[in-house]
Amino acid sequence: ELADLTAPDVEATIARSRPALLWVETPSNPLLRITDLRRVAEAAHRSGAVVVVDNTFLSPALQRPLTLGADVVVHSTTKYLNGHSDVVGGAVIARDPAHLEVLAWWANCLGITGAPFDSFLTLRGVRTLFARMRAHEENAHAVAHALSEHPGVLAVHYPGLASHPGHRVAAGQQAGFGAMVSFELRGGRAAVAEFTASLGCFTLAESLGGVESLIAHPATMTHASMDAEARATAGIGEGLLRLSVGIEVSDDLVADLGQALERVASYELKTGDTASQREKHRNPNSLAALA
């Protein structure tokens, strides 16, 4: 059962559903919605549920779910923990030794433990985690503020902005706001194709959490398996873009986004020529090239 864990009546929803396990992702992908972990964990425990939190977007540097009531925390170690986009892996951390024993047994039984070299690379990445997250977050703040002030952007989803509906909760349970930023571009998919084709510092790719900056179009990439109605219900529109902000020079990232937005504005003044056809032949790293 899917439920909005940010809703005012979340306690009643949990009490009515009585789940055996409550899975929480906060901030959520791709709209960066914030769930009050203490609140939902208390409600879930009253119903006898085990609370699992996906902490991939923030890493332990910025959020510690076990201290907020979670029973189990999961990470895609491919992302921030490794930090260099050269590992495929995951981690599960349990508060209760009994849970840990069961998880370890199944990992051994199914042979799903991490490869030795992937584990080595992840341990190497963890050594720089806190330093990287500081740089990631500083850049994300600069990018989010720049986007929020541009007339070509309809909305910016970043918990570090005071205007974000989850800002207060995020500030209370997180040590920082992270480096994932989503925004909604005016002009729909045609504008998205022009925008992504015009970028120089951001690579069009689905992953996140590496030192390099990436951009994704959820409607045709990460969430393409959802039908249009389901995406609309989830708030994932054709103009939504998701950024994984890297650790490059922030001025370069802001300037790159700015010039791409200006390209979109210039394109909108033209008639008879579509961005998708033009960019399909010019830039293999464009969204249009994938169409």
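Readers should treat all values here as calculations from the given coordinates under stated rules, not as data from a laboratory. Here the structure is a predicted model, which is why all the values come from computation and not from measurement. In this analysis, Cβ positions are derived from the backbone assuming ideal geometry, glycine residues included, and neighbour counts consider all displayed protein chains.
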field: Charge dipole (region 10-126, unit charges on Cβ, about Cα centre) - positive-most of 60, 76, 24
entry: 24
task: Within the set of other residues whose C-beta is less than 13 Å from the C-beta of residue 212, count the net charge using Lys and Arg as +1 and Asp and Glu as -1.
output: -2
- line: For the chain, Rg(Cα) over 2.2 N^0.38 Å is 1.05
- line: Of all trypsin sites (Lys or Arg not before Pro) in region 109-208, the ones in DSSP coil with at most 14 other Cβ atoms within 10 Å are 127
message: Less than 15 Å Cβ to Cβ from residue 154, Lys/Arg counted +1 and Asp/Glu -1: what total charge do the surrounding residues give?
response: -1
- prompt: Fewest first, what order do 54, 9 take by the number of other Cβ atoms within 10 Å?
  reply: 9, 54
- prompt: Using the 10 angstrom Cβ neighbour count as an exposure proxy, how do 133, 226 rank, fewest first?
  reply: 226, 133
